[in-house]
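Derivation of every value follows stated rules applied to the coordinates shown; laboratory data play no part. Predicted, not measured: the structure shown is a model, and the values here were computed from it. So basically every Cβ, Gly included, is an ideal-geometry build from the backbone, and we count neighbours across all protein chains shown.
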Amino acid sequence: MKTTQAWCPSEMQILPGPRHRTHMKKPLWIIVLVSFIIVFLICAYMYPPQTSGACYIFSSGGCKVITDWLPPAPARELTDEEVSSHVVIREILNSPIIPSKTPKIAFMFLTPGSLPFEKLWDKFFNGHEDKFTVYVHASKEKPTHVSRHFLNRDIHSGQVVWGKITMVDAERRLLANALQEPDNHHFVLLSDSCVPLYSFDYIYKYLMHSNTSFVDCFKDPGPHGNGRYSEHMLPEVEEKHFRKGAQWFTMKRQHALIVLADNLYYSKFRDYCRPGLEGHNCIADEHYLPTFFNMIDPTGIANWSVTHVDWSERKWHPKSYRAEDITYELLQNITSIDVSVHVTSDQKKEVQRWPCLWNGLQRPCYLFARKFYPQALDKLLYLFSNYTTI
């Protein structure tokens, strides 16, 4: 009889189970593709494309879109000097204007000597003695005056060298003298070659009723603009804030006060903006005030000068007018301009245009004009009563 063997689990042969491959391991080509995209984006940020076609790869909005993906850079901590400066400037800008029975315009003349158009200005000022004051900064020789409005109006003057900080020093010296008169509410900087384009009444109302100061200011990325910037101005003055403009300003009393109160930004241009520094010809009077106001009160200035000058010849100095150039049509053409024009100094020669807005309304840009040769005086006197009639 056969013996039945009992089934014993211990004797069961256990077969190995099927191998389970992990599903977490991705094909190599996906890893390579992701790595390539990351490297591509990093390179695109560090070396942004310069052509519009390349920019369109990222967005039709242009090259700046890439930087918009990144979080904003943290604000720089201000230095003690900056904090002190900002407090003083803010207090001055927020302070109310001292009422005056008859607010005045301070006409500040920056000249090497006598004023060749003093007779013309005398005719301009006559009959308005209670609405203006005159200050003359003569840097080379004591001027001889032919008008009673200019007698005893010379201030203590210092040497002025073109392109150097001494030009800014002269402007600040004129402001300091003019600010001593509480009734002076608006301040006009003029050269010896400047002439008025309108009647006194028109200019008085234009300036006194304006809600801005007229300080020329624009961004020039070329060699005669941001090419003059020095990194020694950091951290207070960054290149992105660096601006250019003509020195011939008109400004309200609060703005005149903050220019006089400033030492922090002035010292940067005194030390690091001069001809020949680091191979650049930085002209302090073309950059200090435009940069200063662009940083401190950009909405408080009109970004153009009310003094006309013709740079169409594209030379180091603007066009000058001789006696034979003076016609009624010339003066009428200048007073009809109502668009401010700036041209950059880079290869693009970009023409920047914007309307001359006076309290939001487009008006003629220019109240004064330069540069006129002294021989033009007689013709200007002859035409004055006609071309200044508004």
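Brief remarks on what is shown
- GluC sites (Glu not before Pro) restricted to the range 77-147 and DSSP loop, no more than 12 other C-beta within 10 Å: E77, E141
- The range 325-367: C-alpha gyration tensor shape, a/c 1.5 cut-off, then a/b vs b/c: oblate
- Site pair A75 and T102 shows an inter-label distance of 4.7 nm when each label is modelled 7 Å from Cα along Cα→Cβ.
- For the range 358-390, the residues whose backbone nitrogen is under 15 Å from a point 7 Å from the Cα of S312, taken along Cα to Cβ, are 370-371.
- DSSP-assigned coil residues among trypsin sites (Lys or Arg not before Pro) in the range 329-390, each with at most 14 further Cβ atoms within 10 Å: K348, K349
- One equal scatterer on each Cα of the range 270-373, no solvent, Debye formula: the resulting log10 I(q)/I(0) at q = 0.19, 0.20, 0.23 Å⁻¹ is -1.22, -1.29, -1.41.
- Modelled FRET efficiency - R0 51 Å, A176 with T327, Cβ distances, 0.05 increments: 0.80
- Net length gained if the chain between H209 and D122 were fully extended (0.36 nm per residue, minus Cα distance): 28.9 nm
- When the listed pairs K142/K315; K315/K348; K104/K319; K164/K252; K142/K268; K119/K244 are checked against a 29 Å cut-off, the alpha-carbon distance exceeds it for K142/K315; K104/K319; K142/K268; K119/K244.
- Annotation for the range 147-181 versus the range 306-337: alpha-carbon center distance of 26 Å.
- Once the Cβ-Cβ distance of D201 and F40 is raised to the sixth power relative to R0 = 45 Å, the FRET efficiency obtained is 0.10.
- Here is the list for the range 79-187: chymotrypsin sites (Phe, Trp or Tyr not before Pro) lying in DSSP coil, each with at most 12 other C-beta atoms within 10 angstrom of its C-beta, are W162.
- Counting 0.36 nm for each residue step from V339 to H156 and taking away their Cα separation leaves a gain of 62.1 nm.
- Spacing of the modelled spin labels on M295 and L357, each 7 Å from Cα toward Cβ, amounts to 2.6 nm.
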